[in-house]
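To start, the structure itself, in structure tokens.
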Amino acid sequence: MNSLVSINSTALHLNSSDPGTLNQPVRHGWSENFLVTASHHGTLKQPIGHGWSENLLLTTSNQPTLMQPIGHEWSENILPFAVADELHKAALMRPPLETAPSVDRPFAETMNLLPHQQQVAFLPPAAPAVDVSKRPSFVGLQEWEGVVTEIRDRAFTARLMDLTHPNPDEEGEFCTDEISEDDLNLVVPGAIFRWSVGVLKMPGGAKRPTSQIVFRRLPQWTKRDLERADGVAKELLNAFGTMKTPDSDEARSTR
Amino acid sequence: MRIEPEASAAGIVLIGSFNPRIFRPEWFKAMGIIGDADAESAKVRIVHEAVTAFSLDWANLHVDQNRFGIDTSDPPLIRIHDAVLTAFKQFLIHTPVYQLGINRTVHFSVGSFDVRDAIGKLLAPREPWGEWGPKISGDPQKPQLRGGMKSLLMSQLDRGDGYKGSINARVEPSALRPADGIFVEVNDHFFVGDDPTKILGSEPAMNILESEWSTSITRSEWIIDQVMALRERRKK
């Protein structure tokens with residue numbers, strides 16, 4: 001490892017004999033930890049050293065992303081390759097809108113990048129990026145939500161609500177052979193599932209009609225849910241209670 | 001949507017404070033969020049206290065200490081909603097979540113390069129670029145050198161539904177269909193509450209997810225459909 005650590009009173013500097021690999025100081029952070037900041041000009045090309053027994057924090061963007069030191073169980077490199085790689089890829093793909101999907105777009109390499117896109121090219125990818133164009137893709141064209149109403153031997157009946165078109169509810173019978181093993185124990189009266197019908201688009205352009213049934217794994221009702229439902233029910237009761245219905249005493253007395 | 005997509009996906013992103021090491025396939029299985037076979041066939045890239053990333057047959061998950069992301073391209077898309085809701089509403093209720101994003105992406109073909117180019121011109125006309133405008137397109141005889149709109153991001157900041165956040169749509173040429181495809185992504189972004197320091201758990205974000213998922217997906221598909229409609233509009 002071509003690294004040299006020098007310490008002065010306030011900062012710890014790590015220099016590398018590789019030109020342009022590490023041009024930011026390694027600052028002294030906490031009493032026993034170090035903060036390693038990677039600048040956004042392609043800094044850490046190699047894992048940094050292997051002599052430090054304490055904790056390290058690596059930031060891969062202008063904003064420190066890791067507020068806690070990363071572990072202390074590494075014998076060789078301070079930052080395990082796979083961790084660095086995942087963080088690196090995540091930082092590169094982080095969109096300006098924080099909750100937008102991560103993206104990997106072919107920007108011109110010489111274009112000024114937004115801060116979130118500024119590269120910290122310190123490691124090659126651990127695995128080649130998956131080329132989604134080479135995978136079949138299932139495109140749903142119509143979807144129903146079903147409720148199991150009756151179970152018979154290797155089959156069940158369900159009430160189906162069309163979620164794609166405003167059609168009236170229907171009833172359907174399904175063979176349990178169509179259900180994945182994982183979902184078989186979920187097939188009980190009242191269980192909710194989604195039935196998606198669509199096409200499987202192969203990378204070569206071929207299309208195959210296909211369908212999939214997935215039973216929903218919904219959270220259990222919590223105490224708060226029940227309290228909230230109770231509150232809504234009371235509100236409705238109050239609202240309806242003040243309405244005059246044909247069967248109310250007042251209405252009957254006027255007949 | 002008026003054009004059958006070539007590929008279609010949805011995703012959920014949470015911004016908050018997470019412990020990535022929790023989010024292993026075995027944990028999801030133990031909590032009943034995924035099944036045994038799903039957990040066993042998971043392709044784990046990494047599980048570490050700084051970052052976790054793995055793929056299931058139907059979803060990809062990436063968690064670091066500030067960001068949780070899950071996406072799927074396999075219908076029914078609501079599976080990621082159910083997984084996130086169960087994880088954070090039933091089990092990780094004390095995990096603070098400050099922002100929520102519901103994302104919908106679609107690749108679709110418009111039939112030809114020229115149609116796509118015309119749509120690009122509708123969205124980003126060349127005229128305002130002055131003397132440079134006519135040069136952008138390049139030589140029609142050299143398709144590999146044809147230029148034009150590469151990315152357009154539109155944001156609606158007044159959501160109109162009482163939530164704080166924005167609705168953002170991005171249109172680009174599709175990497176899946178380089179010759180005639182368009183890629184649209186819609187990011188439905190919610191800020192959870194006014195003051196992040198007062199958010200102590202995931203419940204407020206999960207309440208938004210639970211009540212807004214369906215509306216959000218429908219609205220996103222409607223926005224995508226507006227872009228698809230340009231295929232007809234450019235003919236007029």
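The values are calculated or read from the model by the stated rules, or taken from the named source; none is laboratory data. Everything numeric here is computed off the predicted structure, so don't read it as measured data. Here Cβ is always computed from backbone atoms with ideal geometry, including for glycine, and neighbour counts include all displayed protein chains.
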What are the residues in segment A:209-227 that are of a type in the set (Val, Ile, Thr) and over 24 Å from the mean Cα position of the chain (by Cα), if any?
A:THR210
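Evaluate the following for B:SER151: is it within 17 Å of B:ILE102 (Cβ to Cβ), loosely packed, with under 15 Cβ neighbours inside 10 Å and of a type in the set (Ser, Thr, Tyr)? It would help to see each step written out before you state the result.
Numbers: within 17 Å of B:ILE102 (Cβ to Cβ): no; loosely packed, with under 15 Cβ neighbours inside 10 Å: yes; of a type in the set (Ser, Thr, Tyr): yes.
The answer is no for B:SER151.
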Taking B:ARG219 and the conditions (1) closer than 20 Å to B:LEU123 by Cβ; (2) over 14 Å from the mean Cα position of the chain (by Cα); (3) modelled with pLDDT of 95 or more, which numbered condition does it fall short on, given that it satisfies the others?
(2)
If we keep only residues of segment B:173-188 that are touching a helix residue (DSSP H, G or I) at 6+ places or on another chain (Cβ under 8 Å) and in a strand (DSSP E or B), then the residue farthest from the other protein chains (Cβ to nearest Cβ) is B:ILE182
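If you take just the strands (runs of 3 or more DSSP E) that sit entirely in segment A:166-233, which of them hold at least 1 residues that are within 14 Å of chain B (Cβ to nearest Cβ), small (Gly, Ala, Ser) and out of contact with any helix residue (DSSP H, G or I) (no Cβ under 6 Å at 6 or more places or on another chain)? Reasoning before the result, please.
Values: elements: A:170-175, A:192-201, A:207-215.
Because the criterion is at least 1 residues that are within 14 Å of chain B (Cβ to nearest Cβ), small (Gly, Ala, Ser) and out of contact with any helix residue (DSSP H, G or I) (no Cβ under 6 Å at 6 or more places or on another chain), the strands (runs of 3 or more DSSP E) in segment A:166-233 that meet it are A:192-201, A:207-215.
Find the residue count for segment B:120-146, including only residues that are of a type in the set (D, E, K, R) and either touching a Gly at 6+ places or on another chain (Cβ under 6 Å) or not in a helix (DSSP H, G or I) (or both). Even if it seems obvious, please write down each step before you answer.
First, the residues of segment B:120-146 that are of a type in the set (D, E, K, R): B:121, B:126-127, B:131, B:135, B:139, B:142, B:146.
Filter once more, so that each one left must be either touching a Gly at 6+ places or on another chain (Cβ under 6 Å) or not in a helix (DSSP H, G or I) (or both): B:126-127, B:139, B:142, B:146.
Counting residues in segment B:120-146 that are of a type in the set (D, E, K, R) and either touching a Gly at 6+ places or on another chain (Cβ under 6 Å) or not in a helix (DSSP H, G or I) (or both) gives 5.
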Note on B:ILE46: of the conditions (1) of a type in the set (A, V, I, L, M, F, W, C); (2) without any contact (Cβ under 8 Å) to a residue 12 or more places away in the chain; (3) under 30 Å from A:TRP221 (Cβ atoms), unmet is (3)
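Does at least one position in segment A:144-155 carry a residue that is acidic (Asp, Glu) and closer than 18 Å to B:ASP74 by Cα? Explain how you work it out, then say what you get.
Step one: of segment A:144-155, the residues acidic (Asp, Glu) are A:145, A:150, A:153.
Going one step further and asking which of them are closer than 18 Å to B:ASP74 by Cα, we end up with A:145.
Yes, segment A:144-155 has at least one match.
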List the number of the failed condition for B:TRP129; all other conditions in (1) among the aromatic types (Phe, Trp, Tyr); (2) surrounded by fewer than 18 Cβ atoms within 10 Å (Cβ to Cβ); (3) farther than 25 Å from B:ARG231 by Cβ hold.
(3)
Restricting attention to segment B:157-172, and to residues there that are part of a loop (DSSP other than H, G, I, E, B) and touching a helix residue (DSSP H, G or I) at 6+ places or on another chain (Cβ under 9 Å), which single residue is surrounded by the fewest Cβ atoms within 10 Å (Cβ to Cβ)?
B:ASP161
If the requirement is being part of a strand (DSSP E or B) and surrounded by fewer than 22 Cβ atoms within 10 Å (Cβ to Cβ), which of these qualifies: B:ASP57, B:ASP38, B:ASP117, B:ASP71?
B:ASP71
For segment B:198-214, indicate whether the set of residues that are more than 14 Å from chain A (Cβ to nearest Cβ) and β-branched (Val, Ile, Thr) is non-empty.
yes
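Of the residues B:MET154, B:MET149, only one is within 14 Å of chain A (Cβ to nearest Cβ) and either touching a strand residue (DSSP E or B) at 6+ places or on another chain (Cβ under 7 Å) or part of a helix (DSSP H, G or I) (or both); which?
Working: B:MET149 fails: either touching a strand residue (DSSP E or B) at 6+ places or on another chain (Cβ under 7 Å) or part of a helix (DSSP H, G or I) (or both).
B:MET154 is the lone residue from the list that is within 14 Å of chain A (Cβ to nearest Cβ) and either touching a strand residue (DSSP E or B) at 6+ places or on another chain (Cβ under 7 Å) or part of a helix (DSSP H, G or I) (or both).
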